[in-house]
Amino acid sequence: MAYKFFLTIREMTLCAMFVALMTIGGQIKLDFTGVPFTLQTLIVMLAGSLLGKRLGTISMFVFIALVAVGAPLLAGFKGGIGTLFGPTGGYIWCFPLATYLIGLFIEKLRRDQKPKYWHVLGAYLLGGVVVVHLVGFVWFCSYMNVPYGKNLVLGLLVFIPGDVIKAVVGTVISLGVYNAIPGLIQGNGKQSNKAIG
């Protein structure tokens, strides 16, 4: 099925809502390793599972575009093109990819059944934890010119438990939304136009 190239008012509103959530999530942070621990990865997970791969990915690209033109949407109200190519740029550029992968995985499951807890959690762990941290960690070490092994604990492993918790919380939220809005899950694998809102 061909994708639409234009967004409806409802779709633009949903994308804007997740951009706003990304901004809020970025300001709830801990920073003790040079890579801030925020709630943005939780929002990335929810965007993929609730908006689907198309809208979720668009919302992340809109977020990145706003950051690029200077909107202070990142942790610590940072923005500008420099932040996208700084030490944490790899994490940011992974947001659309993670959202797409999560949305794709969950939409595939819709063909035959309603996603179960382990389906959603697995998508979150793969897209929102493994992919984001793998690319982000490699980018960070390359940018800072530090050995991977030397930076493994403070640059990667310290974030995994928190993001696993976010994946568990996000799974519960997603399943709650699925139950509240049955039209969000379609038996043929396609997202309903009346999914949210």
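The values are calculated or read from the model by the stated rules, or taken from the named source; none is laboratory data. Model, not experiment: these values are computed from the prediction. With ideal geometry, Cβ positions are generated from the backbone for all residues, glycine too; neighbour counts draw on all protein chains shown.
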Of all residues in the range 78-130 being without any contact (Cβ under 8 Å) to a residue 12 or more places away in the chain and farther than 19 Å from residue 182 by Cα, the one that is surrounded by the most Cβ atoms within 10 Å (Cβ to Cβ): 78
In the range 131-149, residue modelled with the lowest pLDDT [restricted to those that are more than 11 Å from residue 91 (Cβ to Cβ) and surrounded by fewer than 20 Cβ atoms within 10 Å (Cβ to Cβ)]: 149
Residues satisfying the stated conditions in the range 178-197, i.e. assigned to a helix (DSSP H, G or I), surrounded by 15 or more Cβ atoms within 10 Å (Cβ to Cβ) and either of a type in the set (Asp, Glu) or modelled with pLDDT of 70 or more (or both): 178
